[in-house]
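Reviewing the structure listed below.
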Amino acid sequence: MYDLAFDEKKCLACPDPVCLARCRYMSIGQEEARQEILKIARGENSFVLRDCVTCYACEEYCPMGNHPLFLIAERQEASGLAPVPDPLIRRAVNLGVPFRGEPVVEEAGGDVINMAAFSELSCLVQGKLFEGMPLISDDGRKMFHYFCQLMYLHYARTSVIKERLPGVIATIMKHKPARVVCFHDECYGAYSSYCPSVGIEVPFTPVHFYEFLYERLLELKEMIRPIGSRVAYQRPCSSRLSPDKHRYVGEIFRLIGAREVEREFTGENALCCAGTIQGQKRPGSRKRAVELQRKNVEDMKRAGAEICVFNCPACFQTLSGLVAREGIRPVHMSDLCRVAIGERPKGWEAIE
Ligand code: SF4
Ligand code: SF4
């Protein structure tokens, strides 16, 4: 079995125990934060296990790389304190089971794009930016063979992640990829952060989707015509697992001439889409989610955004209608980049 390498000594020596102190869902001082996370590490009860909404932010806040959220999710499972109701957990766990036989495996001979559970969104990886890149997989019936399973952090089911993820990695390896570009940054977080934290070996090089996009845009720089529009970025929870890659958002916007608006809820202070929170069992969760979404969209509007740029398909599903109702166009980052090089992504003509 794989064990989380959470190091209590790091907490004891931590110069800045902000993990829980910066949590926007609980009110807690720095020293109390240290004591509560230590209690959780020692298997003791803590109100944090009940109050955590699994927004992932403390993974970014911890200055010692000590994975407080991974620890909380493990202890929520061990204590039967999952934030989500049991029927939703059962449904979600069944959803991610690979089925309909084994995928057809072709050797890549180079880099691949891992679509994970989003094969049906292969329209988002078309055109010059993605030329010559094989997709694993473009077959929606086989996509769960490539699903990184990290979603189960939200369901307090790290046991499911640990059980399935090595098989997913083995399937990816059958393609003999040079590098694996992760379409969803949750997958990148799984391979670059979660796997090392529990000792699951990752024999390939994961690449963040935005790093890849940035590299390709540089190669196609001559084709770029500045977008000029004012854009807001919807940072997803999973981006907290790879904060070192978040800088590519600004780099890409600068390269394609998109003007990022100044917002309150940006960077480390970003609000998640609240899609997870609205399904949680704590009384008032739905109201809380609606309030977070309202604050988030109002912030974009106040800042003068014309376009809301999405990374995560789940955020898109949760928030795109709300931003569109406020006159802000929801767009995936890859589509925005395609527009910058003179392409017209699917559906773009209809809304121009
Ligand atoms: S989890 Fe991180 S931030 Fe929190 S006390 Fe431990 S080392 Fe410090
Ligand atoms: S994951 Fe989010 S809600 Fe949970 S403790 Fe960390 S910062 Fe707070």
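Here, each number is a calculation from the coordinates, and none is a lab measurement. Keep in mind it's a predicted model, so treat the numbers as computed, not measured. Neighbour counts are summed over all protein chains in view; Cβ atoms, including those assigned to glycine, are modelled from backbone coordinates with ideal geometry.
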Please give the number of the condition GLU60 fails out of (1) closer than 18 Å to GLY275 by Cβ; (2) within 16 Å of ligand 2 (Cβ to nearest atom). (1)
When you scan region 6-26, do you find a residue that is touching a helix residue (DSSP H, G or I) at 6+ places or on another chain (Cβ under 8 Å), among the β-branched types (Val, Ile, Thr) and more than 10 Å from ligand 1 (Cβ to nearest atom), even just one? no
State the number of residues belonging to region 269-298 that are of a type outside the set (S, T, N, Q) and either crowded, with 20+ Cβ neighbours inside 10 Å or under 14 Å from the mean Cα position of the chain (by Cα) (or both). 10
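Per-residue answers, yes or no, for (1) buried (at least 21 other Cβ atoms within 10 Å of the Cβ); (2) of a type outside the set (A, V, I, L, M); (3) within 15 Å of ligand 2 (Cβ to nearest atom):
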{"residue": "LYS9", "(1), (2), (3)": "no, yes, no"}
{"residue": "LEU12", "(1), (2), (3)": "no, no, no"}
{"residue": "GLY29", "(1), (2), (3)": "no, yes, yes"}
{"residue": "ARG34", "(1), (2), (3)": "no, yes, yes"}
{"residue": "LEU38", "(1), (2), (3)": "no, no, yes"}
{"residue": "PHE47", "(1), (2), (3)": "no, yes, yes"}
{"residue": "CYS52", "(1), (2), (3)": "yes, yes, yes"}
For region 31-47, check the following and say yes or no: at least one residue is assigned to a loop (DSSP other than H, G, I, E, B), aliphatic (A, V, I, L, M) and out of contact with any strand residue (DSSP E or B) (no Cβ under 6 Å at 6 or more places or on another chain). no
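Hey, among ARG263, ARG286, ARG344, ARG282, which residue is in a helix (DSSP H, G or I) and among the charged types (D, E, K, R)?
Selected residue: ARG286, the only one of ARG263, ARG286, ARG344, ARG282 that is in a helix (DSSP H, G or I) and among the charged types (D, E, K, R).
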Quick count over region 45-86, residues being closer than 23 Å to PHE265 by Cα and more than 10 Å from ligand 1 (Cβ to nearest atom), is 8
State which residue is surrounded by the fewest Cβ atoms within 10 Å (Cβ to Cβ) when the search covers only region 325-341 and only residues that are within 15 Å of LEU124 (Cα to Cα) and among the small types (Gly, Ala, Ser). ALA340
